[in-house]
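Contents: one structure, followed by commentary.
FYI, it's all coordinate maths here, none of it is from the lab. Since we're looking at a predicted model, the values are computed, not measured. Reconstructed Cβ throughout: ideal geometry from the backbone, glycine too, with neighbour counts over all protein chains shown.
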Amino acid sequence: MPEIQIDRFAQQFPNKYNPPSYAYLPAPSTFFAILGGSFAALSSVTAKLTVSSPPLYLQQLTTALHTTHSTHIIRILMVSATIVCNVFMWLFFTKALRFGDSTPRVMMMQTAANFAVTALCGVYVFGDALSVQWWMGASLIGVGLVALNVERPEFVCEGADHAMGIESKKSK
């Protein structure tokens, strides 16, 4: 087991108080949350490819392989891809939580990324058509995520009596 070097502790174990020196990342928690959401969407796509009838390009691939078990091989590969995508989704989600300052903020970023990548995969992989109703719903979800993610000034309450406007008898 490698030793922890005290003078290099910050480099070996980065966290939200001691972020790594990723010069190319605006915020590591945002980057990892987007990656986690993307892998969650890809996991759903590979799971759908596993259990549904394959799209045309996968059917062409199975006929090009000229084997009797090509469909089973592709399904096994898709199940494996689903597992790998789930592992990466949890890896990046926990990294985002470690670097983030707020769990709900990380979860919202991951949800938004998952939603966007799922829509793109639906259009380009499965040939789905996105209706106006879908776009309206996606817009409302996006507005809700932004509204929940906006910084608010801290609310300080001195006590239940102060919040209710009741003056205590001690102050008189």
Apply the Karplus curve 6.51 cos²θ - 1.76 cosθ + 1.60, θ = phi - 60°, to the phi angles in the stretch 28-43 and return the couplings in whole Hz, x for Gly and Pro.
x, 5, 5, 4, 5, 5, 5, 4, x, x, 5, 5, 5, 5, 5, 5
Please give me, ordered by residue number, the chymotrypsin sites (Phe, Trp or Tyr not before Pro) of the stretch 91-154 that lie in loop per DSSP and have at most 13 other Cβ atoms within 10 Å.
PHE126
Once phi is turned into θ = phi - 60°, what whole-Hz ³J(HN,Hα) does the Karplus curve with 6.51, -1.76 and 1.60 give for every residue of the stretch 80-86, x standing for Gly and Pro?
4, 5, 4, 5, 5, 5, 5
